[in-house]
Amino acid sequence: MKFVKIIVFFVILAFIAGIGFFMVYPDVSKLKKENPKKTSFMEYREEEWRKKGKRVRLQKKWVPLSHISPYLMKAIIIAEDDKFWSHKGFDLDAIQKALEKDLEKGKFKFGGSTISQQLVKNLYLTPSKNPLRKAKEAIITWRLEKAIHKRRILELYLNVVEWGEGIFGIEVAAQHYYSKSASALSPQEAARLAAVLPNPRRYRPTGPSKYVEKRATIIYDIMVKRGIVVPEYEDVIKESVTLDINLPFDQSQ
């Protein structure tokens, strides 16, 4: 019995020490100015491909927030973390709803993650859903929110998030799926890109999936209701572009 108590004591001590370690490591303040070259999640995927004997090239290209379509930013926030600008790293309402769903299903998946939490998981951790990993994620997220402003968090997230097999970051995703830069994405394209994020390797923004279509429509409709997108204006812009393309070139000028 005494031996068991000693084991339990050291397990608890190791847990506390491990949590304490993440109170100071990693140095999240570096992210104020430094762009991460490769994330923990990218390395996790590379190891996964290696074990399966897959030859997948990791594609990524950094772009500043100013070179990303505002429609895409809005669509991502609507889809992934609607309280992003107001919370301190954690959406307590979303966590409560996720826990209620977990209790109903008898499974604990620790859902309700914010963009800040997802960024921390991508940068420093693994997809594991165990309590210790979630505790580390919570501590680093709290530190990240204190050290870095929201726009920088969003910029980091959009540049490292997975958008398909070997596709990381919005610039590569925009080029891969729509053959255009991230700055040129339309509201509809932004909504479809946001719609696949829960499972970007299963769903494609350009695919025929009913799930993607339904989720993208919901995101787009919210953008319209909030005045982010004015459908009539978008139609005028499209017509203007078409007219410009079809107009004959005046060689006398």
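Some values worked out for this structure:
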| read-out | value |
| --- | --- |
| Peptide ranges 30-37, 116-123, 219-226 listed from the most packed, as the mean C-beta count within 10 angstrom indicates | 116-123, 219-226, 30-37 |
| Per-residue SASA entry for Ile139, accessible area with 1.4 Å probe, Å² rounded to 10 | 20 Å² |
| Three-way shape call for the range 146-185 based on the alpha-carbon gyration tensor, with the a/c threshold at 1.5 | oblate |
| Alpha-carbon centroids, the range 172-229 and the range 64-91: separation in whole Å | 14 Å |
| Ranked packing of 46-57, 77-88, most packed first, by mean Cβ within 10 Å | 77-88, 46-57 |
| Global form of the range 158-228, assessed from the alpha-carbon gyration tensor, a/c cut-off 1.5 | oblate |
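The values are calculated or read from the model by the stated rules, or taken from the named source; none is laboratory data. All of these numbers come straight from a predicted model, not from anything done at the bench. Note: ideal-geometry Cβ built from the backbone for every residue, glycine included; neighbour counts use all protein chains shown. Heavy atoms of the whole protein, side chains included, go into the accessibility calculation; ligands, DNA and RNA do not. Shrake-Rupley method; radii C 1.70, N 1.55, O 1.52, S 1.80 Å.
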